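The values are calculated or read from the model by the stated rules, or taken from the named source; none is laboratory data. As the structure is a computational prediction, the values presented were derived from the model and not from experiment. Cβ sites come from the backbone with ideal geometry, for glycine too, and all protein chains shown count toward neighbours.
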Amino acid sequence: MDKNQTYTTISSAETKSVAEKIAQTLSGGEVLLLSGDLGSGKTTFTQGLAQELGITRNITSPTFIIMRSYQVPHHKHITILYHLDLYRTENDNDLEGLGLSEILNKKDTITVIEWPEKMGTLLPQEHIRIHFSYIDEDKRKITVTS
Ligand code: ADP
Ligand code: MG
């Protein structure tokens, strides 16, 4: 993906479709930073992404767990999806022990990070930023920058 793009969606299904489209462009090693307010659609987007990767397990918000990993079946290059939600983390201590630097360097994984502003210095230089804005109850603006 080399172009910046903006999408307006009017349902969670549409947000999942945008995620599916983006999932098709991934080849492994990508880090997706999902920013935006609570309820703006970050987890919904992750569900669409996981669905397109063939993951059948239900993706829920890992708020209290920080990170969950999902096996990706039958993909040429991608074996694991990591989903992080840093909303409740307070400092780097909370991130220690996750093995983040190792995960972020793998070429056969996709890492999705909600609340990436909590990453501090651990934030990887190379990433795809996806920002979610709440427009009204069912409407969201999604801006992709890479
Ligand atoms: P976040 O992870 O950013 O806190 P969630 O994805 O958990 O947000 O929640 C978004 C909520 O908004 C869900 O309840 C979803 O059904 C609802 N919603 C309504 N319209 C949309 C839309 N266009 N895109 C994404 N979610 C939407
Ligand atoms: Mg969420």
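Figures for the structure shown
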quantity: Positions within the range 11-27 being away from ligand 2 (no atom under 16 Å from the Cβ) and over 13 Å from the mean Cα position of the chain (by Cα), in sequence order; calculated: 11, 13, 14, 17, 21, 24, 25, 27
quantity: Filter result (modelled with pLDDT of 95 or more, more than 8 Å from ligand 1 (Cβ to nearest atom), more than 24 Å from residue 119 (Cα to Cα) and part of a loop (DSSP other than H, G, I, E, B)) within the range 2-52; calculated: 25
quantity: Residue match in the range 75-84 (condition: within 13 Å of ligand 1 (Cβ to nearest atom), under 15 Å from the mean Cα position of the chain (by Cα) and not β-branched (Val, Ile, Thr)); calculated: yes
quantity: The range 61-98, residues that are touching a Pro at 6+ places or on another chain (Cβ under 9 Å) and among the aliphatic types (A, V, I, L, M); calculated: 84, 86
quantity: Pairs, first among the small types (Gly, Ala, Ser) in the range 52-74, second not in a loop (DSSP other than H, G, I, E, B), C-beta under 6 Å, six or more apart; calculated: 61/43; 61/85; 69/80; 69/82
